[in-house]
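Structure first, commentary second.
The values are calculated or read from the model by the stated rules, or taken from the named source; none is laboratory data. Remember, predicted model here, so these are calculated numbers, not experimental data. Here the Cβ positions follow ideal geometry from the backbone for every residue, glycine too, while neighbour counts run over all protein chains shown. We work out accessible area using only protein heavy atoms, side chains counted, and drop any ligands, DNA or RNA first. Shrake-Rupley method; radii C 1.70, N 1.55, O 1.52, S 1.80 Å.
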Amino acid sequence: MGTSLTARNYGKRAVSLKAPGAASSNYPLLKVWAETMPKRIAIAGAGIGGLTAACCLLKAGYEVELFEQAAELSEIGAGIQLSANAMHVLNDLGLGEAIANFSVRPRAYVFRLHDTGETVGQFPLAEEHAALNGAPYNQLHRADLHQVLVAKVKSLGPKAIRLNCRVDGFEESEGRVQLMLSDGSRVDADILIGADGVKSAIRAQIVGATGASYTGDAAWRLVVPAARLPANFMDPVMSVWMGPGRHAVCYYLRGGSLLNFVGLVETDEVSEESWTAKYPWERLKADFEGWHSDIQEIIDRADRNSCYRWSLFYRPPIAKWSTRHVTMLGDAVHATLPYLAQGAAMAIEDGAVLTRALKLTDDTAAALQLYERNRIERTSRIVNGSGANRTLFHMSDQEKLRQAFANRDEGKARNEWLYSYNPLTVELV
């Protein structure tokens with residue numbers, strides 16, 4: 001009692017330990033104590049995936065440091081959708097109420113024809129989604145979710161986030177991994193998680209440089225204050241408007257005070273892969289010429305200096321996510337087209353499953369393989385399903401589009417495999 005101990009926290013392996021004045025007979029006991037200390041985990045990237053993983057790991061008792069290249073924590077973009085599979089994790093972190101304060105819970109998922117507005121398919125969300133899947137369906141601004149996650153990380157680990165720190169690569173030894181930062185410094189850890197997005201340096205080192213291919217689609221994003229729109233303009237539903245070579249997604253944010261618009265268009269013009277690239281409003285207007293009056297109303301009421309468009313790029317799927325001490329999550333490993341609204345949800349799921357895998361075995365390499373093995377099939381299915389929706393949503397023959405929806409039960413299918421997945425309880429094999 002009262003003995004002063006200093007030890008590097010490298011998990012269950014030999015550590016440097018000093019116990020001044022302690023009798024030699026105490027050393028075996030001290031060694032056992034040191035070897036059961038929690039692992040030190042480094043995360044490259046403080047986006048939604050990295051922050052969620054940090055929350056899960058900190059809650060589980062691990063030491064965590066996030067290395068974020070930006071000088072300040074902020075999130076760009078606009079709307080984000082969190083179905084029950086993601087909300088299980090966020091509820092477990094105690095964030096459900098805070099998220100609800102920023103969210104809209106849509107009544108239904110509605111599929112419409114681009115010109116007439118005819119509904120060709122729909123399924124209920126709101127109470128039915130929660131009843132079937134055990135958690136609600138929320139739509140909110142990415143910046144609001146990011147803020148909630150940052151606050152949670154800081155409450156669990158006040159010094160966990162390091163800004164102005166870009167991870168350029170890593171070196172592994174028998175018992176640890178060393179992060180190489182862009183300023184030339186190095187940081188030791190037991191595990192490194194690459195949550196550094198579609199241009200991941202961690203991915204490039206694990207599987208080699210994989211060039212990005214243009215998907216043929218560009219994404220418009222804008223938000224319109226609801227006060228600018230006619231009263232009772234649109235029901236609080238998730239609307240997908242489908243037309244030849246393009247589709248649009250519309251839903252409310254922040255308690256209905258903002259309307260989020262995402263327009264996906266097929267184009268040969270390759271532009272910047274950046275969420276901050278502005279494009280002329282006139283181009284947006286031209287891209288949706290001839291579409292329903294509701295779409296025209298949204299475009300006409302938009303801030304003409306705040307229309308963003310970026311090209312969507314594809315990176316080939318990979319079968320190897322991990323090394324002995326390094327793994328990846330989110331867009332770094334399974335970037336997807338946004339046509340199932342599951343990009344952020346997959347990253348959130350990743351953090352929860354990875355934490356569970358690490359708790360199930362003390363062998364780091366085995367834990368990372370367990371995590372990888374249990375995520376590849378699901379994330380691949382979502383990525384492939386998103387690609388298939390591109391084909392469906394952009395059909396030019398309206399009668400074939402009607403028939404495609406008549407022959408499928410979209411709500412039943414998604415509830416059976418997509419929304420019903422619970423990262424906290426799914427069996428890991």
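Summary of computed values
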{"item": "Positions within the stretch 305-326 being under 30 Å from Leu258 (Cα atoms) and surrounded by fewer than 14 Cβ atoms within 10 Å (Cβ to Cβ), in sequence order", "result": "Asn305, Ser306"}
{"item": "Flag if Gln178 is at pLDDT 95 or above and assigned to a strand (DSSP E or B)", "result": "yes"}
{"item": "Filter result (part of a loop (DSSP other than H, G, I, E, B) and closer than 10 Å to Ala195 by Cα) within the stretch 37-67", "result": "Gly45, Ala46, Gly47"}
{"item": "Flag for Asp190 being touching a Lys or Arg at 6+ places or on another chain (Cβ under 9 Å), closer than 12 Å to Ile43 by Cα and surrounded by 16 or more Cβ atoms within 10 Å (Cβ to Cβ)", "result": "yes"}
{"item": "Members of the stretch 386-402 found to be loosely packed, with under 14 Cβ neighbours inside 10 Å and more than 16 Å from His114 (Cα to Cα), listed by number", "result": "Ala388"}
{"item": "Those residues of the stretch 39-94 which are open to solvent by less than 10 Å² (accessible area, probe 1.4 Å), free of Cβ contacts under 8 Å to residues at least 60 places away in the same chain and out of contact with any Gly (no Cβ under 8 Å at 6 or more places or on another chain), in sequence order", "result": "Leu93"}
{"item": "Residue list for the stretch 75-105, filter: in a loop (DSSP other than H, G, I, E, B), among the small types (Gly, Ala, Ser) and in contact with a strand residue (DSSP E or B) (Cβ under 9 Å, 6 or more places away or on another chain)", "result": "Gly77, Ala78, Ser83, Ser103"}
{"item": "The stretch 106-124, residues that are open to solvent by less than 20 Å² (accessible area, probe 1.4 Å) and not in a strand (DSSP E or B)", "result": "Pro106, Gly117"}
{"item": "Options Asp168, Asp183, Asp196; residue that is open to solvent by 20 Å² or more (accessible area, probe 1.4 Å), part of a loop (DSSP other than H, G, I, E, B) and free of Cβ contacts under 8 Å to residues at least 60 places away in the same chain", "result": "Asp183"}
{"item": "Where a residue in the stretch 143-163 is within 20 Å of Leu82 (Cβ to Cβ) and its partner, wherever it lies, is open to solvent by 20 Å² or more (accessible area, probe 1.4 Å) and assigned to a helix (DSSP H, G or I), with Cβ under 6 Å and at least six apart", "result": "Asp144/Phe102; Val148/Ala98"}
{"item": "Qualifying residue in the stretch 324-334 (condition: more than 15 Å from Ile202 (Cβ to Cβ), touching a Gly at 6+ places or on another chain (Cβ under 7 Å) and part of a loop (DSSP other than H, G, I, E, B))", "result": "no"}
{"item": "Near pairs, Cβ below 7 angstrom, 6+ apart or cross-chain, from the stretch 283-296 (surrounded by 14 or more Cβ atoms within 10 Å (Cβ to Cβ)) to any residue that is part of a helix (DSSP H, G or I)", "result": "Leu284/Ile299; Lys285/Ile299; Phe288/Ile295; Phe288/Ile299"}
{"item": "Odd one out for Lys278, checked against (1) of a type in the set (D, E, K, R); (2) out of contact with any helix residue (DSSP H, G or I) (no Cβ under 7 Å at 6 or more places or on another chain); (3) modelled with pLDDT of 95 or more; (4) farther than 20 Å from Arg315 by Cβ", "result": "(3)"}
{"item": "Elements of type helices (runs of 4 or more DSSP H) contained in the stretch 351-429, each with 1 or more residues being more than 16 Å from the chain's Cα centre (by Cα), over 20 Å from Leu132 (Cα atoms) and among the polar types (S, T, N, Q)", "result": "364-393, 398-406"}
{"item": "Options Pro136, Pro106; residue that is modelled with pLDDT of 95 or more, more than 28 Å from Gln296 (Cβ to Cβ) and not basic (Lys, Arg)", "result": "Pro136"}
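Residues are listed down the side, and each one gets a yes or a no for (1) at pLDDT below 95; (2) of a type in the set (Gly, Ala, Ser); (3) open to solvent by less than 20 Å² (accessible area, probe 1.4 Å); (4) not in a loop (DSSP other than H, G, I, E, B):
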position	(1), (2), (3), (4)
Met234	yes, no, no, no
His247	no, no, yes, yes
Val265	no, no, yes, yes
Asp300	no, no, no, yes
